[in-house]
Amino acid sequence: MTEPLAAPLPELVGEVGGIESMVVDGRRWFFGFSYTSDLVLTPLIADPGAMARFASEFMRQADGTHDPAYWLELVEDSVADSGLTGNDEDRVVDTAALAREPALSYHLRYVLDAATGWQDDAVYEEPDVVAAFATIGVARSRHDVDGLDQVVAALSGEHRAAAELILRRYVAEKLDHLPGNWPEVFAGLRP
């Protein structure tokens with residue numbers, strides 16, 4: 001039986017992109033990604049054939065549209081190779097472990113930001129989050145990779161509580177704004 005196609009993200013239909021994959025809680029998920037605009041283009045799709053059909057219907061490559069067989073090769077290649085990270089460990093997410101210890105990798109934060117369209121995160125304006133950044137000693141601006149890397153590093157130090165507050169608020173903000181089925185797939189990130 002053929003899996004029905006997932007609903008596309010309406011504002012991203014017809015975008016040029018490739019295929020990425022990651023394993024969340026032991027299950028591999030595929031998604032379209034625009035390497036030129038740093039945006040996630042699709043919902044998460046578990047079945048390789050369904051991802052290939054979805055891409056054929058709703059995505060393009062720089063040279064135009066392609067049939068599902070073409071896209072299936074890209075889907076299969078995404079299991080071993082990523083255009084976003086060279087570290088396969090970064091593409092494996094254990095949401096229960098991260099709910100207990102929110103040590104989000106750079107790659108996961110990047111993908112979540114790309115999935116939410118790099119929106120301005122209101123969480124960084126919340127007084128207790130601003131105070132937590134100050135406690136850790138991080139001057140933070142939105143989408144400052146080094147700032148969140150320092151927060152993750154602070155999980156193992158004396159400012160653990162401040163770091164956890166920032167990362168848990170970050171995760172909650174992302175989960176509230178993820179498109180398609182992303183919030184359901186990553187729901188285990190909530191403590």
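The values are calculated or read from the model by the stated rules, or taken from the named source; none is laboratory data. These figures come from a predicted structure and were not determined experimentally. Glycine gets a Cβ as well: all are built from the backbone with ideal geometry, and neighbour counts include every protein chain shown. Keep in mind that these areas ignore ligands, DNA and RNA; they rest on the heavy atoms of the full protein, side chains included. Shrake-Rupley method; radii C 1.70, N 1.55, O 1.52, S 1.80 Å.
Kindly evaluate M22 against the criterion of being in contact with a helix residue (DSSP H, G or I) (Cβ under 9 Å, 6 or more places away or on another chain) and under 24 Å from R190 (Cβ atoms).
Against the criterion (in contact with a helix residue (DSSP H, G or I) (Cβ under 9 Å, 6 or more places away or on another chain) and under 24 Å from R190 (Cβ atoms)), M22 qualifies.
What's the total number of residues in the range 47-106 that are in contact (Cβ under 8 Å) with a residue 60 or more places away in the chain, over 15 Å from F33 (Cα atoms) and of a type outside the set (A, V, I, L, M, F, W, C)?
4
For the range 128-160, name all the residues that are open to solvent by 70 Å² or more (accessible area, probe 1.4 Å), modelled with pLDDT of 95 or more and assigned to a loop (DSSP other than H, G, I, E, B).
E158, the sole residue that qualifies.
Of the conditions (1) open to solvent by 70 Å² or more (accessible area, probe 1.4 Å); (2) within 19 Å of I166 (Cα to Cα), A96 fails just one. Which one is it?
It is condition (1) that A96 fails.
Name the pairs: first residue in the range 127-139 and closer than 13 Å to Y170 by Cα, second residue surrounded by 14 or more Cβ atoms within 10 Å (Cβ to Cβ) and among the small types (G, A, S), Cβ to Cβ under 8 Å, at least 6 apart or on different chains?
A132/A162; A132/A163; F133/G147; F133/A162
Mind checking whether some residue in the range 101-112 is surrounded by 14 or more Cβ atoms within 10 Å (Cβ to Cβ), basic (K, R) and either on the phi > 0 side of the Ramachandran plot or in a helix (DSSP H, G or I) (or both)?
Yes; the residues of the range 101-112 include at least one that is surrounded by 14 or more Cβ atoms within 10 Å (Cβ to Cβ), basic (K, R) and either on the phi > 0 side of the Ramachandran plot or in a helix (DSSP H, G or I) (or both).
Are any residues in the range 108-139 under 13 Å from V152 (Cα atoms), within 16 Å of the chain's Cα centre (by Cα) and not basic (K, R), and if so, which ones?
Within the range 108-139, just L108 meets the criteria.
Hey, among G86, G117, which residue is in a loop (DSSP other than H, G, I, E, B) and surrounded by fewer than 13 Cβ atoms within 10 Å (Cβ to Cβ)?
On the way: G117 fails: surrounded by fewer than 13 Cβ atoms within 10 Å (Cβ to Cβ).
Step by step, each of G86, G117 is checked, and only G86 is in a loop (DSSP other than H, G, I, E, B) and surrounded by fewer than 13 Cβ atoms within 10 Å (Cβ to Cβ).
If I filter the range 161-177 for residues that are of a type outside the set (A, V, I, L, M), in contact (Cβ under 8 Å) with a residue 24 or more places away in the chain, open to solvent by 20 Å² or more (accessible area, probe 1.4 Å) and assigned to a loop (DSSP other than H, G, I, E, B), do I get at least one hit? Lay out the reasoning, then the answer.
We begin by selecting, within the range 161-177, every residue of a type outside the set (A, V, I, L, M); these are 164, 168-170, 173-174, 176-177.
Going one step further and asking which of them are in contact (Cβ under 8 Å) with a residue 24 or more places away in the chain, we end up with 164, 168-170, 173-174, 177.
Cutting the leftovers down to open to solvent by 20 Å² or more (accessible area, probe 1.4 Å) gives us 164, 168-169, 173, 177.
Of the ones still in play, those that are also assigned to a loop (DSSP other than H, G, I, E, B) are none.
No, the conditions are met nowhere in the range 161-177.
Could you please find all residues in the range 5-46 being open to solvent by 10 Å² or more (accessible area, probe 1.4 Å), part of a loop (DSSP other than H, G, I, E, B) and free of Cβ contacts under 8 Å to residues at least 40 places away in the same chain?
Passing the criteria: G26, T36, S37, A46.
Just a yes or no: is a residue in the range 120-127 open to solvent by less than 10 Å² (accessible area, probe 1.4 Å), under 28 Å from E11 (Cβ atoms) and in contact with a strand residue (DSSP E or B) (Cβ under 6 Å, 6 or more places away or on another chain)?
No.
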